[in-house]
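Notes for the one structure printed next.
Readers should treat all values here as calculations from the given coordinates under stated rules, not as data from a laboratory. On a predicted model such as this, the values are computed, not experimentally measured, just so you know. We place every Cβ from the backbone using ideal geometry, glycine too, and count neighbours over all the protein chains shown.
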Amino acid sequence: MAKPTLRTKLCDILGIEYPVILAGMGGVSRHKLVAAVSEAGGLGIVGAATMGPDELRDEIRKIRELTDKPFGVDILLPAMAPTPQGTSTASGGGRGEGDIPSNWRDMLPAPQREFAASLRSKFDLPDVVPEFPTPSGRRERTIFGPGFSRSQIDTILEEKVPVFASGLGNPAPYVEEFHAAGAKVIALVGNVKNARRVAEGGTDVVVAQGAEAGGHTGRVGTMALVPQVVDAVAPRPVLAAGGIGDGRGLAAALCLGAVGVWVGTAFLVSLEAAWDDTLKQRILDASEEDTRVTRIYSGKPMRNINNPLIEAWEEGGVGTLPFPFQGAVIQEVTFAAQQAGRKELGMNPAGQISGMLDEQRPAKDILAEIVEQAAEIIQRLPAGVPAVTS
Ligand SMILES: Cc1cc2nc3c(=O)[nH]c(=O)nc-3n(C[C@H](O)[C@H](O)[C@H](O)COP(=O)(O)O)c2cc1C
């Protein structure tokens, strides 16, 4: 079959063939998947939220061994003020190595710690506690903050990555540096207010992520959010995210005024995704009603495949702690669950689109199906779709 043609303004902006972007999913969108999507004509984005500079540099270099096509890196920006370029130590509210007391675990509030301990017994889990050096569990002795983001951004700039994406926060303070380096900037938002904010900050492409999405998510559905963001930031290009799993989703997004799609869960079950097979299978087995938004894993609302641990915490009446401390508390349960082989109790972010996914496939097949189906639908529309340029 001949290759379909489906070009929008996004393809020219990013130098790609098809208007489909792999969402930067932490722990999932790593070099193999990123390179596979870019090679197939979309844009692969590394989910680098928790990657320190060394790991990130390594990922970027591995991608370049697999493809010479454009790709991007996604990180989570803190709400605090950024440090100036070249500053590697944290400041402006960020925290570095020396700021975290070694007994930080003992300082977590008793109600949540005790509840976590009671859940370990409820699920017959071993009495083991992870010895992570920081509340966020990362190897680097630093927690999310401007110093950490700065070190990630320096790496992205040094490695001349063509696309920078921020999954959280406003990239405005960094836009000039990225543009000077010839890179494009993408920002994810979940409401119109933040869309305006990132657009005013000079972001090249705004991703309107609806509540159907897997992972950290907002409250407004994709169908309602996309056209409102399109209108609010016009003529700046907008991508639709959340609940897009096939060509019908891409065609619908273009009809809503978007110039492309940012796809997470549909690629999460690809063969190249760096995700545990048992967890992928739980997504493939799930129906559209089997996800639940919970703060128990990170302290922020995150859509996951529902499981007995989420149910027990949510029904237990003990509130969650703010990010990243809730993660530190729940690790006491999830680490023990991992030791006991109870993978189903762990974090498994996935969107409502899970219900229409039923097999693991190569990423290039997923992308080809999205594009072919969308191109066919659009061809059948009497007047075409304005966003499609050829
Ligand atoms: C497993 C998983 C991990 C994610 N991690 C991140 C992340 O680290 N950074 C980010 O910006 N978005 C992250 N997201 C959200 C995606 O970028 C994207 O917005 C979402 O998956 C789109 O909705 P969909 O899952 O319905 O396609 C994650 C989503 C999933 C499913």
Completion exercise
Relative to the chain, whose Cα atoms define the longest principal axis, helix 110-122 and its Cα axis are tilted in degrees, nearest 10, by 90 degrees
Practice task
Could you pull out every one of the lysines with an alpha carbon less than 17 Å from that of LYS122, ignoring same-chain neighbours closer than 8 positions?
Solution key: LYS343
Problem - Where labels lie 7 Å past Cα in the beta-carbon direction, separation of GLU159 and MET356 in nm - result: 3.3 nm
Practice task
Using Cα positions and a limit of under 21 Å, work out the lysines in reach of LYS193, with same-chain residues fewer than 8 apart set aside.
Solution key: LYS300
Problem - Rounded Å value of the spacing that divides the Cα centres of the stretch 19-79 and the stretch 101-121 - result: 35 Å
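How would you rank MET356, MET347, MET107, going from fewest to most other Cβ atoms within 10 Å of each one's own Cβ?
Numbers: MET356 15, MET347 20, MET107 10.
Exposure proxy ranking, most exposed first: MET107, MET356, MET347.
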Exercise for the section: Would you list, by chain and number, the lysines whose Cα falls below 16 Å from the Cα of LYS32, excluding same-chain residues fewer than 8 positions away? Expected result: LYS62, LYS69, LYS364
Problem - Furthest towards positive pole of dipole, THR320, THR291, THR334, structure part the stretch 271-336, Cβ charges - result: THR320
Problem - Within the chain, helix-based [θ] at 222 nm, where runs of 4 or more DSSP H residues each add -39,500 (n - 2.57), nearest 500 - result: -11500 deg cm²/dmol
